[in-house]
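> Okay, here's the structure, questions in a sec.
Read the figures in this text as sums done on the coordinates, not as results from a lab. Remember, predicted model here, so these are calculated numbers, not experimental data. Heads up, the Cβs are rebuilt from the backbone with ideal geometry, glycines too, and the neighbour counts pull from every protein chain shown.
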Amino acid sequence: MRIAVISDIHANLPALEEVLNGIDSQNVKAIYCLGDLVNQNVWNNEVVELIRARRIPTVRGNHDEGIAAGLHFFPFSYTFREAREWGIQAINYTLQHITDENRNYLSLLPLKRCLSIQQKNEEPYTITLLHGSPLGINEKIFRFLSYDYYASMIDIAATNILLTGNTHTPHHKIVTKEENGKLTYYHLINPGSVGRPKDGDWRASYVIITLNPSLSLRTDKDAVQVDFYRIKYDLGKAVKAIKHNGLPVYFGGCLITG
């Protein structure tokens, strides 16, 4: 069983299209999205409509939530004064252009999705999809945090695989526990960002998770395979769209530098 996971598209249609083309060639059973479909580029409606047309199960991101609610200020998005001003401009652009139908779709996205896999003679194996963390939609599980922190997130989520976005940086952390005399494996996975990476690589990021049902997903280290992919897209088109539609050029620079 192979599933693809994407996150943090941020209205970047060229990146999303290339990622979906890449995934379509890789024989996956399903695609899931961890949210933040909109804001900071011009294709807000097109991205939402493509996700809807492909019937990709999606959880609500913090930008999705803010736009759905008609908020003109997202306090979590700014790290310095100028970024605050540019961020407000981007939000206002998104609110002016997104359709009521697509805003309503964003408002109805769930905060969490759970998948369950039944293996013979074992309790169901669970996969939990969130945008932020088990503590909230705005929280971020960074890749540089402690092992104990990752273990606590797994415990709070009460899941075998925890999928989260929001940091725009791909990573895979493994937590091990001894249970019933056996070593068990838990996974915390962030697919990175499709539309606005923040790890110094401008290419769109996604992950494919391969689950081997012939092995114990809990106790066999090789039963869960996690592969990250980076894919090029028309970066120039995405940057020009920002510049030519009145969005702050800051967001184009962010795309270039990753």
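> Using only Cα atoms, figure out Rg for the chain and give it as a multiple of 2.2 N^0.38 Å.
1.01
> Only Lys, Arg, Asp and Glu count, each charged at its Cβ (+1, +1, -1, -1), so figure out the dipole size of the stretch 1-136 about its Cα centre, rounded to 20 debye.
Dipole of the stretch 1-136, to the nearest 20 debye: 380 debye.
> Name the residue farthest towards the positive end of the dipole of the stretch 20-77 from the options Leu34, Leu71, Ile23, assuming +1 on Cβ of Lys and Arg, -1 on Cβ of Asp and Glu, about the Cα centre.
Towards the positive end, the residue furthest out is Ile23.
> Which links in Lys198/Lys232; Lys177/Lys221; Lys112/Lys221; Lys173/Lys232; Lys120/Lys173 stretch past 20 Å when you go from one Cα to the other?
Lys112/Lys221; Lys173/Lys232; Lys120/Lys173
> On to the next question. Lys/Arg Cβ at +1, Asp/Glu Cβ at -1, dipole of the stretch 217-258 taken about the Cα centre: which of Thr257, Leu247, Gln225 is farthest positive-ward?
Working it through, the farthest residue towards the positive pole turns out to be Leu247.
> Quick check for me: using +1 on Lys/Arg Cβ and -1 on Asp/Glu Cβ, what's the dipole size of the chain about its Cα centre, in debye to the nearest 20?
220
> Further, regarding this structure: For Ile56 and Arg143, what does the FRET efficiency come to when R0 = 35 Å and r is the distance between their Cβ atoms, rounded to the nearest 0.05?
0.90
> Given Cβ point charges of +1 (Lys, Arg) and -1 (Asp, Glu) and nothing else, what value in debye, to the nearest 20, does the dipole of the stretch 127-258 about its Cα centre take?
620
> Amide H of Tyr206 versus every other amide H placed in the peptide plane: which residues, excluding those fewer than 5 positions away on the same chain, fall under 5 Å?
Distant-sequence amide H within range of Tyr206: Tyr229.
> In deg cm²/dmol, rounded to 500, what helix-only [θ] at 222 nm does the chain give when every DSSP H run of at least 4 residues adds -39500 (n - 2.57) and the total is split over its residues?
It comes out at -10000 deg cm²/dmol, rounded to the nearest 500.
> Quick one: grab the alpha carbon gyration tensor of the stretch 109-258, order the square roots of its eigenvalues as a ≥ b ≥ c, and give me rounded if a/c is under 1.5, else prolate or oblate depending on whether a/b is larger than b/c.
Cα axes put the stretch 109-258 in the prolate bin.
> To continue, here is another question. Calculate, for Asp222 and Leu108, the FRET efficiency according to 1/(1 + (r/R0)^6) with r their C-beta to C-beta distance and R0 25 Å; round to the nearest 0.05.
Efficiency, rounded to the nearest 0.05: 0.05.
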